[in-house]
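A short worksheet on the structure shown next.
The values are calculated or read from the model by the stated rules, or taken from the named source; none is laboratory data. These figures come from a predicted structure and were not determined experimentally. Backbone-built Cβ (ideal geometry, glycine too); neighbour counts: all protein chains shown. For the accessible areas, the whole protein counts, side chains as well, though only heavy atoms, and no ligand, DNA or RNA atoms are used. Shrake-Rupley method; radii C 1.70, N 1.55, O 1.52, S 1.80 Å.
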Amino acid sequence: MIREFADADIVYLIEAARWTLLLALTATVGGGLLGIVVAVLRVIPFRPLNWLAIAWINLIQGTPLLGQLFVFFFGLPLVGLSVDAWTAAALSLSIYASAFFGEIWRGSLQSVSQRQWEAGAALGLTYAQRLGHVVLPQAIRISIAPTVGFLVQLVKNTSLTALIGFVELTRASQIISGATFAPLPVYLTAAVIYFIICFSLSQLAHMLERRLHVAR
Amino acid sequence: MSLVELADIRKRFGAVEVLKGISLTLEKGEIVAVIGRSGSGKSTMLRCINGLEKVQAGRIVVDGIDVTAPKADLNLLRQRAGMVFQSYNLFPHLNVERNVMLALKLVRKLDTSAAREVARAVVTKVGLADKLHAYPDELSGGQQQRVAIARSLAMQPTLMLFDEITSALDPELVGEVLRVLEGVASEGMTMMLVTHEMNFAKNVADRVIFMHEGRIHEDGPARETLLEPRTAELRSFLNAVLH
Ligand SMILES: Nc1ncnc2c1ncn2[C@@H]1O[C@H](COP(=O)(O)OP(=O)(O)OP(=O)(O)O)[C@@H](O)[C@H]1O
Ligand SMILES: [Mg+2]
């Protein structure tokens, strides 16, 4: 039965957007924690671990996210591990995010000038004090823009999980569009919701950058 | 015992020997200007003295600390031997007051109010009391360099190393920094400064060391050495910088 696109559909889309947000949030936390590990393995002075991190980063950045999703959703059951769409989505997006966060944060750390390390050393600060009080605060400020830039990508990429049947904003739009045969208003509404999420994120980044004072 | 002793130190970067056997001693209260062409090893020598570079041979003792010992306490050494760089290197995320307070709290273990008091005193001394809450990028190069000097002085070092601290400054800002240096000198601080300011070297330093190709080529009283160079190399260097 075909029905009109109604206010109730907008509510349904907004409710589905909560899953988009929750998925992005989960991948940010999971990927963030793993990303710290990746960044550390990438810079510590021990070659085999550097290689491991580089391999991880290349493998994940060099393959399509959709492929990674399918590996988890269709691949894990083949080895006897049954996963639902949420678990597969959260797991693969976290792993995907870890490679990007790892690289972004390594780059931010290394872009703090060697002279800042030296200035700290010349004042008698220990290595840990130089890292914690001199270098990290600057690296964090530098990393805000690229980190949030990636978060925006991550939010948009959650839409791929529609393809394994996870009902987030895009999948919900497909469902309503199928029921109403009114794809234009449905997808326009979805686009507006994505835009509001992503725009808020970049505004947040600007606010953070202003608050953490570091030379430009 | 002398405050600083360098005994035949050698430093290589890869295959290139940059310091080819440097020996010198520095007494407490002495002010030594180090001059020489670009690449002669002046910065490297200073960086070896406070342990930022490791030497391959020879021995360095600063205020009783054997810098070249494998287990040398470099953080302690650097509290005794302050260093100011050409590029100021203030911490851009901290305002002037907190730039000075950081090491006072972390290294000298002062509490916040004591650290703030010391910071205000030293910043006032370099004439920037009105800039305590400014961030480095809100200051001129000369002001930043004066803060860097204050930050180092606040640690109460027994020796100060200055590496071409006016070279990055616009000419009109050099004077204010040199005046601060003169103030530090007049209080009896032991100082070793790499400089291209020959007048400053002549008038403020007790002694001049001329480095040439990784060696100390001349070492003597400031005026005499600069006015009557003994070697052709120093003569031609002075001609080049003075004309
Ligand atoms: N980290 C480094 N790695 C490799 N070579 C270096 C390094 N630091 C300095 N050198 C080389 O060592 C030599 C001496 O350098 P140093 O910086 O001590 O000279 P300088 O007398 O301070 O010169 P300037 O007046 O230009 O500052 C130069 O040839 C320089 O290229
Ligand atoms: Mg130099």
Of the residues in the stretch B:181-203 that are open to solvent by 20 Å² or more (accessible area, probe 1.4 Å) and either basic (K, R) or under 28 Å from B:A115 (Cα atoms) (or both), the one that is nearest to the other protein chains (Cβ to nearest Cβ) is B:M189
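Of all residues in the stretch B:128-154, count the ones that are of a type in the set (A, V, I, L, M) and open to solvent by less than 10 Å² (accessible area, probe 1.4 Å). Walk me through it before giving the result.
In the first step, residues of the stretch B:128-154 are kept if they are of a type in the set (A, V, I, L, M); the result is B:128-129, B:132, B:134, B:139, B:147-150, B:153-154.
Next, only the ones that are open to solvent by less than 10 Å² (accessible area, probe 1.4 Å) stay: B:128, B:147-150, B:154.
Total satisfying the criteria: 6.
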Expected single match for away from chain B (no Cβ under 14 Å), open to solvent by 50 Å² or more (accessible area, probe 1.4 Å) and not basic (K, R) among A:V167, A:V186, A:V148 is A:V167
Subset of the stretch A:1-40, residues over 19 Å from A:I144 (Cα atoms), open to solvent by 40 Å² or more (accessible area, probe 1.4 Å) and in a helix (DSSP H, G or I), comes to A:D7, A:A8, A:I10, A:V11, A:Y12, A:I14, A:E15, A:R18, A:W19, A:L21, A:L22
(request) Determine if the stretch B:129-143 includes at least one residue that is within 11 Å of chain A (Cβ to nearest Cβ), within 30 Å of B:R59 (Cβ to Cβ) and not hydroxyl-bearing (S, T, Y). (result) no
Within the stretch B:32-85, the residues that are in contact with a helix residue (DSSP H, G or I) (Cβ under 7 Å, 6 or more places away or on another chain), aliphatic (A, V, I, L, M), away from every other protein chain (no Cβ under 14 Å) and surrounded by 24 or more Cβ atoms within 10 Å (Cβ to Cβ) are B:A33, B:V34, B:I35
Considering residues that are closer than 17 Å to B:T25 by Cα and more than 16 Å from ligand 2 (Cβ to nearest atom), the number found within the stretch B:193-214 is 4
Among B:L46, B:L76, the single one that is part of a helix (DSSP H, G or I) and either without any contact (Cβ under 8 Å) to a residue 24 or more places away in the chain or in contact with a His (Cβ under 8 Å, 6 or more places away or on another chain) (or both) is B:L76
### Query
Quick one: would you say B:T25 is hydroxyl-bearing (S, T, Y), on the phi < 0 side of the Ramachandran plot, more than 16 Å from ligand 1 (Cβ to nearest atom) and surrounded by fewer than 16 Cβ atoms within 10 Å (Cβ to Cβ)?
yes
